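Student: Just dropping this structure here.
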Amino acid sequence: MDKENLKKLVQDPRFISGIFNYCDRWCERCLFTARCLNFAMENEELDDPENHNLESEAFWEKIEKNLIGTIELLREIAEEQGIDLHSIDTAEIEQQENRSQEEAESHALSQSARRYSKMVDHWFKKNELLFEQRQRDMIQEMELGIEQARLINEAKNIIDATEVIRWYQHQMRIKIMRALQRDETDIEEDAIQNDSNGSAKVALIAMDRSIGAWGSLHELFPEQTDNILDILLHLDRLRKKTEATFPDARRFKRPGFDVLPLE
Ligand code: SF4
């Protein structure tokens with residue numbers, strides 16, 4: 001996309017500013033696709049099948065064009081705001097970011113989220129046969145004409161719970177890491193509406209929904225009670241620790257999802 005088209009999109013009033021910064025990136029389930037700049041840009045790229053083909057020249061030309069358009073637009077914005085991009089010490093910023101990333105990675109919350117992620121992988125790997133067996137049983141029951149509506153509902157619940165768990169499994173650690181990389185100036189400007197709280201809130205929502213999904217799996221697979229309760233306990237502790245570390249995170253208002261802009 002060239003600079004002018006990009007500019008037109010960015011200035012389009014139908015988009016909610018910054019909505020994609022504090023969402024869960026689950027566009028398939030999002031009610032705000034029509035108001036999201038990120039979605040519009042990604043879908044404009046997806047319209048053309050050539051844009052999926054890494055081996056096509058058109059794909060790389062498109063990437064280059066987008067990059068040039070974005071850089072040009074950034075330069076223009078910087079110029080309008082009187083920012084001299086050459087005076088920014090990028091090496092120092094990079095060093096700071098690396099330090100802050102390392103600190104966030106070694107933080108107890110990130111470690112706990114990493115542990116959760118591994119528990120999830122382990123559980124699904126260990127229970128591959130459980131799902132296969134349940135599927136076979138359900139098909140058999142269906143063929144016998146046993147309570148088809150209940151079976152369909154059960155299958156839907158299994159799929160939904162699994163999708164939710166898998167979707168948020170890694171996202172919560174990424175968001176916790178971002179929340180831990182606090183920008184003190186941002187926090188001083190607004191104690192509630194800052195990026196750290198926003199990121200922590202997205203992580204907390206991921207935990208809430210994952211806890212709900214594990215609860216459903218617990219009901220659907222009662223024979224897995226012990227293993228699922230271990231995971232639930234871990235996740236609940238992680239949620240409590242996250243709330244304690246970011247006590248104002250739940251009060252953060254996510255653009256679009258928690259608060260709509262004035263028309
Ligand atoms: S706001 Fe919705 S449409 Fe936009 S990136 Fe997030 S999930 Fe996708």
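Student: Pairs needed: first member in the range 5-23, within 21 Å of Ser199 (Cα to Cα) and in a loop (DSSP other than H, G, I, E, B); second member anywhere, open to solvent by 80 Å² or more (accessible area, probe 1.4 Å) and modelled with pLDDT under 90; C-beta distance under 8 Å; at least 6 residues apart or different chains.
Tutor: Ile16/Leu260
Student: Let me ask something additional. Could you please tell me which pairs satisfy a Cβ distance under 9 Å, a separation of 6+ or placement on different chains, a first residue in the range 244-263 that is open to solvent by less than 50 Å² (accessible area, probe 1.4 Å), and a second residue that is among the basic types (Lys, Arg) and within 16 Å of the ligand (Cβ to nearest atom)?
Tutor: Phe246/Lys201; Ala249/Lys201; Phe252/Lys201; Arg254/Lys201; Gly256/Arg35
Student: Still on this model: Looking at (1) at pLDDT 80 or above; (2) closer than 27 Å to Cys27 by Cβ, which is the only condition Gly69 fails?
Tutor: (1)
Student: In addition: Please go through (1) within 16 Å of the ligand (Cβ to nearest atom); (2) more than 20 Å from the chain's Cα centre (by Cα) for Ile158 and return the number of the only condition it doesn't satisfy.
Tutor: (1)
Student: Considering only residues that are in a helix (DSSP H, G or I) and acidic (Asp, Glu), look in the range 80-120 and name the one that is least open to solvent (accessible area, probe 1.4 Å).
Tutor: Glu105
Student: From the list Ser199, Ser216, Ser210, which residue is assigned to a helix (DSSP H, G or I), touching a residue at least 40 places away in the same chain (Cβ under 8 Å) and surrounded by fewer than 21 Cβ atoms within 10 Å (Cβ to Cβ)?
Tutor: Among Ser199, Ser216, Ser210, only Ser216 is assigned to a helix (DSSP H, G or I), touching a residue at least 40 places away in the same chain (Cβ under 8 Å) and surrounded by fewer than 21 Cβ atoms within 10 Å (Cβ to Cβ).
The values are calculated or read from the model by the stated rules, or taken from the named source; none is laboratory data. None of the values given here were measured: they were computed from a predicted structure. Don't worry about glycine lacking a Cβ; one is built from the backbone with ideal geometry, like all the others, and counts go over all protein chains shown. When the accessible area is computed, the model is the full protein with side chains, heavy atoms only, and any ligands, DNA or RNA have been set aside. Shrake-Rupley method; radii C 1.70, N 1.55, O 1.52, S 1.80 Å.
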